[in-house]
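The values are calculated or read from the model by the stated rules, or taken from the named source; none is laboratory data. On a predicted model such as this, the values are computed, not experimentally measured, just so you know. Glycine also receives a Cβ, built like all others from the backbone with ideal geometry; neighbour counts cover every protein chain displayed.
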Amino acid sequence: MKKILGTIALGLLLSGNVYAASFSIGKKITNNFIYDKKIKISLKGDNWEVIRKNFSLDYGIKQQIVGIGRIENNEIMEIIEVYEGDLAGRWISDVDPIIIEMVFHDQHDGCYERPEYYLLELYRKGSTYNCMVVSHMDVTKELNYPDSPHGKAAASAYNFWIKQKSLSYPKIMFSTYHGYFSRLAGGTWYEIRHHMNPKILDAPKAKFFSEETSEYHKINISQYPKHKVTMNKWIAVSSEFHKNFEDMVKARSNHKLNLDQYYMEIKRSENIQNELTDQLQKLNELYKAGVLTKEEFTKAKKKILN
């Protein structure tokens with residue numbers, strides 16, 4: 001698992017893919033990030049562009065990285081990066097050590113419990129694994145003092161993008177990792193990273209900006225109930241995406257993660273918001289019809305919102 005700078009980032013690696021050849025640095029992406037016939041990601045918002053594309057060779061695996069980012073008011077809002085490594089055709093004796101070393105024994109990152117992770121959901125059997133990690137990221141640290149070779153490569157690409165366009169960025173960003181590999185599902189190794197500006201989720205203002213002191217760190221978050229609500233939203237968004245990710249990579253049904261408890265948070269939030277909207281609309285109609293005085297309308301509206 002390679003630690004990279006975040007913003008909302010989705011990356012897919014596909015060696016020699018004809019689609020990937022069209023992703024040149026600076027190319028604008030609108031509506032959908034169609035990487036290939038399998039990976040199709042709906043994009044929210046405008047001003048997406050390709051910001052990173054490179055090839056790497058780790059443990060003898062050819063990989064391609066394509067990263068796209070979104071800017072709003074000259075501030076980074078999201079980055080998506082997609083990685084793919086082709087392990088099909090390799091013997092099990094070759095695959096297992098590679099997966100175990102890179103995913104479960106990386107000293108900087110991986111699909112195992114780490115202090116900075118807020119949530120880890122994992123299925124593993126042999127070299128087969130399905131993993132979702134939800135966390136937050138100290139962006140300044142990742143841009144300037146990354147702790148892994150992969151992080152340094154990412155930081156170089158993102159710093160160039162930031163400097164070239166004179167961009168600003170949040171000091172803390174939300175981050176998720178989505179990874180899947182199984183020889184039973186084609187033998188292709190997929191990883192996706194998604195990084196998001198907390199503003200997108202209407203997050204409260206932050207006062208602490210290091211990884212350890214952040215309000216979003218799992219040890220600190222109980223002291224900050226509003227930040228916890230926002231983190232729950234991010235977990236729900238990430239869970240919804242992971243379910244789509246599993247479908248895209250054609251994960252076997254018995255390999256899929258049970259994320260319903262997190263995913264349903266989106267539905268609950270939507271239902272609550274819809275109920276509030278309906279109540280406020282009816283209240284406004286009563287006020288306009290003269291049924292309620294201005295004082296009664298204001299009092300009733302305050303009660304609904306609280």
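Return the total of residues in the stretch 66-103 being among the aromatic types (F, W, Y) and touching a residue at least 24 places away in the same chain (Cβ under 8 Å).
Within the stretch 66-103, residues that are among the aromatic types (F, W, Y) and touching a residue at least 24 places away in the same chain (Cβ under 8 Å) number 1.
Say we look at the stretch 278-306 and pick out the residues that are assigned to a loop (DSSP other than H, G, I, E, B) and loosely packed, with under 10 Cβ neighbours inside 10 Å; which of these is nearest to the chain's Cα centre (by Cα)?
Applying the filter and picking the extreme gives N306.
Considering each of G126, G110 in turn, give the residue that is over 15 Å from the mean Cα position of the chain (by Cα) and closer than 26 Å to T230 by Cα.
Going through G126, G110 in turn, just one is over 15 Å from the mean Cα position of the chain (by Cα) and closer than 26 Å to T230 by Cα: G110.
Quick one: which residue in E101, E84 is buried (at least 21 other Cβ atoms within 10 Å of the Cβ) and either charged (D, E, K, R) or not in a strand (DSSP E or B) (or both)?
When all the criteria are applied, what remains is E84.
Go through the stretch 220-243 and report how many residues are surrounded by fewer than 16 Cβ atoms within 10 Å (Cβ to Cβ) and touching a residue at least 60 places away in the same chain (Cβ under 8 Å).
Total satisfying the criteria: 0.
Quick check: is even one residue across the stretch 165-175 outside any strand (DSSP E or B), over 18 Å from the mean Cα position of the chain (by Cα), crowded, with 19+ Cβ neighbours inside 10 Å and on the phi < 0 side of the Ramachandran plot?
Checked the stretch 165-175: no residue is outside any strand (DSSP E or B), over 18 Å from the mean Cα position of the chain (by Cα), crowded, with 19+ Cβ neighbours inside 10 Å and on the phi < 0 side of the Ramachandran plot.
Does A206 meet the test of being farther than 25 Å from R70 by Cα, at pLDDT below 95 and out of contact with any Gly (no Cβ under 9 Å at 6 or more places or on another chain)?
Taking the combined requirement at face value, the residue does not satisfy it.
Please give the number of the condition R114 fails out of (1) part of a helix (DSSP H, G or I); (2) among the basic types (K, R); (3) farther than 26 Å from N47 by Cβ.
Condition (1) is where R114 drops out.
Mind listing just one residue for me: the one in the stretch 104-114 that is closer than 18 Å to D138 by Cα and touching a residue at least 60 places away in the same chain (Cβ under 8 Å) and, of those, surrounded by the fewest Cβ atoms within 10 Å (Cβ to Cβ)?
H108
Given the conditions (1) surrounded by fewer than 22 Cβ atoms within 10 Å (Cβ to Cβ); (2) under 21 Å from I79 (Cα atoms); (3) touching a residue at least 24 places away in the same chain (Cβ under 8 Å), which single one is not true for F160?
Only one criterion in (1) surrounded by fewer than 22 Cβ atoms within 10 Å (Cβ to Cβ); (2) under 21 Å from I79 (Cα atoms); (3) touching a residue at least 24 places away in the same chain (Cβ under 8 Å) is unmet by F160, namely (3).
Can you name every residue in the stretch 117-147 that is part of a helix (DSSP H, G or I) and acidic (D, E)?
Scanning the stretch 117-147 gives a single hit, E142.
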